[in-house]
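What follows is a set of notes on a single structure, which appears directly below.
The values are calculated or read from the model by the stated rules, or taken from the named source; none is laboratory data. What you see is a predicted model, and the numbers here were worked out from it, not measured in a lab. Don't worry about glycine lacking a Cβ; one is built from the backbone with ideal geometry, like all the others, and counts go over all protein chains shown. Note: accessible area is taken over every heavy atom of the protein model, side chains too, but ligands, DNA and RNA are not part of it. Shrake-Rupley method; radii C 1.70, N 1.55, O 1.52, S 1.80 Å.
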Amino acid sequence: MKVALLHDWLTGMRGGERVLERLCARVPSAPIYTLVSKRGSVSPAIESHPIHTTFLQWLPLATRLYRWYLPLFPAAIESIRLDGYDAVVSTSHCVARGVRTPPGTFHLSYIHTPMRYVYELEPVYFPPGKFPWPLSALVPRLLGRVRRWDLATRDRPHVLLCNSAFVAERIARHYGRTAEIVYPPVDVARFRTAAPLETEFHGPARSAAASGVADAAPPGPPAHDTIGRPFYLVAGAFAPYKRAEIAIEACARTERRALVVGTGQDERALLRLARAGVEFIGWASDAHLAELYRQAQALIFPGEEDFGIIPVEAMASGCPVIAYGRGGVLETVGRGACAETLTRVRSGGAARVPGGVLFGTQSVEGVVEAIREYEREPFDRTTLPALAEPFSEERFDEEFAEAFERHWREWSA
């Protein structure tokens, strides 16, 4: 079978690229088609494949400022020609799903999410006052055009898979289609074996500015020369919907130390929040991140995520998670929580769940309440790796292969 892979853009290794990496291993000779590609930004496993880009690749600063070309994305993805392939597998959080395939070519699309910024998160990405006039008047019209294209092309893939029940509901709401859930791959084995676990949480982590004395370090060698004192970890891509700013402010307000790991479009704004007890590390290697998970008091994850690979990595490392109780974390951190607990979270409160603490109000106050709930009593960290096991890479490989073969046979028949 001759297969082509399709991905929105190749400019960094995030959750979507981890999925693509596993697919590359399944079809090692498959070419990858994408809007733009920045050499060296993704893994060698991906870059070992032939990579074909669109006309966007040749526009000024496209590999860095590609988001500014959003109005051209539909035309660019439709310019890709996929003649001669038996099957196309797209992984999409933007426009890859809308590629045109020839008659007689099977198209399965793995949806990370419908485009957030042209649906419910448009006000978050493009708030009033972000652009001067006349751009402020033009942007809503351009977004409306992309949204209409997205809806008009919703039936192009023959089959939709997605990464969570939360995204399946969003697909049903926007596209009127059913998507089968295949949770994305997480390298839980690497994080599970990274280091020994602390059994319990032993009290609040205060900044040096607040306590005047450095607290005792967790056991084990430090992964960063500033780890010394206990800390909360904030990690992930710096995007508007991730809401890292409320986690940083909550730690500052409660005089808790925070280590912030990541890069992204909101980096400059977040760096302005730096103060005593808040330290920005920037990008961290997988090994460094595994050590940070192990030593952190907890991961604070304040965004509404489609799935959320980072909380699963944290749990695999034995790190409790303090998360906003909406989206994919209900299927990971909150997996197995009782109805009464989830009702409390939906009502805006904070409550303990198997993977940590969920809070129901996406605000600084909500995170503060969750930190206090977490610190109320010790947390047994040894139970956490088992919660991550259902999301392993091997499980993804098996479920994706089974779904592809089943849908291929049904389509061929």
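The loop-placed trypsin sites (Lys or Arg not before Pro) in region 122-159, going by DSSP, that have at most 13 neighbouring Cβ atoms within 10 Å of their Cβ come out as K130.
Excluding same-chain residues fewer than 8 positions from K130, which lysines have a Cα within less than 26 Å of its Cα? Straight-distance partners of K130: K242. Structural size metrics of the chain, computed from C-alpha coordinates, are Rg and Dmax of 21.7, 72 Å. Share of carbon and sulfur in the accessible area of the chain stands at 55%, probe radius 1.4 Å. Relative to the compact-globule estimate of 2.2 N^0.38 Å, the Cα radius of gyration of region 90-174 comes out at 1.23. Remark: the chain carries 42 Å² of accessible area per residue (probe radius 1.4 Å; ligands, DNA and RNA excluded). Work out the charge dipole of the chain with +1 on the Cβ of Lys and Arg and -1 on the Cβ of Asp and Glu about the Cα centre, then indicate which of W133, T361, P311 is farthest towards its positive end. In the chain, that residue is W133. In a simple Cβ point-charge model (Lys, Arg +1; Asp, Glu -1; nothing else charged), region 266-413 has a dipole of about 680 debye relative to its Cα centre. What does the C-alpha gyration tensor say about the overall shape of region 138-186? Classify as rounded when a/c is under 1.5, otherwise prolate if a/b is larger than b/c, or oblate. Here region 138-186 falls in the prolate category. Ordering A323, A388, P378 by Cα displacement along the dipole of the chain toward the positive end leaves A323 in first place; charges were set at the Cβ atoms of Lys, Arg (+1) and Asp, Glu (-1). Rounded to whole Å, the principal axis extents of the Cα atoms in region 307-413 read 57, 29, 23, largest first. For region 227-376, the antiparallel share of DSSP beta bridges with both residues in that region comes to about 20%. Give the aspartates and glutamates reachable from K38 as a straight Cα distance under 15 Å; neighbours fewer than 8 places away on the same chain don't count. The qualifying aspartates and glutamates are D8, E17, E47. For region 219-337, dividing the convex hull volume of the Cα atoms by the residue count gives 103 Å³ per residue. About its Cα centre, region 131-195 has a charge dipole of approximately 240 debye under the convention of +1 per Lys or Arg Cβ and -1 per Asp or Glu Cβ, with nothing else charged. Counted over the chain, the DSSP beta bridges are approximately 10% antiparallel. Checking every one of the GluC sites (Glu not before Pro) in region 266-355 against DSSP loop status and a limit of 16 other Cβ atoms within 10 Å picks out no site at all.
Under a Gaussian network description of the chain, with springs only between Cα atoms under 10 Å, the residue in P385, P354, P71 that fluctuates furthest is P71.
Mean separation of Cα pairs under 8 Å and 6 or more residues apart, divided by the residue count, gives the chain a relative contact order of 13 percent. Under a Gaussian network description of the chain, with springs only between Cα atoms under 10 Å, the residue in H112, H158, H93 that fluctuates furthest is H158.
Taking Cα centre as origin and charging only the Cβ of basic (Lys, Arg, +1) and acidic (Asp, Glu, -1) residues, the dipole magnitude of the chain rounds to 1320 debye. Got a sec? Charge dipole of the chain, +1 on Cβ for Lys and Arg, -1 for Asp and Glu; which of V278, T63, A165 is way out at the positive end? Farthest towards the positive end: T63. Please give the Cα centre distance for region 68-141 versus region 265-281, rounded to the nearest Å. Comparing the Cα centres of region 68-141 and region 265-281, I get a distance of 30 Å.
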